[in-house]
Amino acid sequence: MRLITARQAWHDSQYESRGSITAATMDHAKIETKRAAAKRKTIEAVFAAVGDEEESRVKVVAQRMEVQETRRSARDNSSSRCAHMMTMGRIQHAIASLNKPLQHFGHYLYSPLANARDQDVARTLVWFGWEKPAGLTKVKESRAYCLVLPALISYQGFVTGGRDEWTPGRIAEFVADWYGEKISVSQWARDWAPIWESLQRTIGEMDRKALEPVERIMDEEHWAA
């Protein structure tokens, strides 16, 4: 497996179950044991002697040489698969080292198996981790909460290569559809842009924390390659 980014590694690792990874690790150990034995094994190759003048009378004179047995077969593919699975296991273990809310946060952003619980926990984590500006009224605070989910969706699209642009109009429409709250587009720059940008920074900081253990594994894999 070629690891390009920590985000891609997080995404790809979620396709493999722990049971599959354990089985692959055992298979890898068996393959390496067989390979070690194969390196110590030699076979004998026999070649008939060639000589135009002696061909009629020398029938069985032979040359002998030792060759190391090498085989390229499905075993090589199996070994590659095992190595891939072991890497996936290391990444899964790195993700599991995070606290649970941060795991859900990362799964929401990157896992192909993300679910509603991942979304709910990610939204809650961002809301309580966001440093709210002083003087925020109750009404504005309730509407600011409505910006958390579109901020997460916008951030996810940005870091995973999405091209959808979250304009103030689109954000206001999303908030109205999901929450029935009104965000004034005409006053966006004054009332909501600072909150939106602050939420995006909070999400970015949490993203970096979530990816740290995965990036460490990637660094180790690159050095070992």
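The values are calculated or read from the model by the stated rules, or taken from the named source; none is laboratory data. Remember, predicted model here, so these are calculated numbers, not experimental data. Reconstructed Cβ throughout: ideal geometry from the backbone, glycine too, with neighbour counts over all protein chains shown.
Some notes on this structure:
- Gly129 being surrounded by 12 or more Cβ atoms within 10 Å (Cβ to Cβ) and within 24 Å of the chain's Cα centre (by Cα): no
- Condition check for Gly162: free of Cβ contacts under 8 Å to residues at least 12 places away in the same chain and either surrounded by 13 or more Cβ atoms within 10 Å (Cβ to Cβ) or outside the structural domain of Trp127 (by TED's automatic domain parsing) (or both): yes
- Criterion: outside the structural domain of Met86 (by TED's automatic domain parsing) and surrounded by 15 or more Cβ atoms within 10 Å (Cβ to Cβ) - qualifying residue of Leu211, Leu113: Leu211
- The stretch 1-12 - residue that is in contact with a helix residue (DSSP H, G or I) (Cβ under 7 Å, 6 or more places away or on another chain) and at pLDDT below 90 and, of those, surrounded by the fewest Cβ atoms within 10 Å (Cβ to Cβ): Met1
- The residues listed here are Ala144, Ala172; of these, the one that is part of a helix (DSSP H, G or I), closer than 14 Å to Trp196 by Cβ and in contact with a Ser or Thr (Cβ under 8 Å, 6 or more places away or on another chain) is Ala172.
- Unmet criterion (only one of (1) closer than 27 Å to Gln8 by Cβ; (2) in a helix (DSSP H, G or I); (3) not acidic (Asp, Glu)) for Gly161: (2)
- In the stretch 138-177, the residues that are modelled with pLDDT under 95 and of a type in the set (S, T, N, Q): Thr160
- Verdict on Ser186 being out of contact with any helix residue (DSSP H, G or I) (no Cβ under 6 Å at 6 or more places or on another chain), surrounded by 12 or more Cβ atoms within 10 Å (Cβ to Cβ) and hydroxyl-bearing (Ser, Thr, Tyr): no
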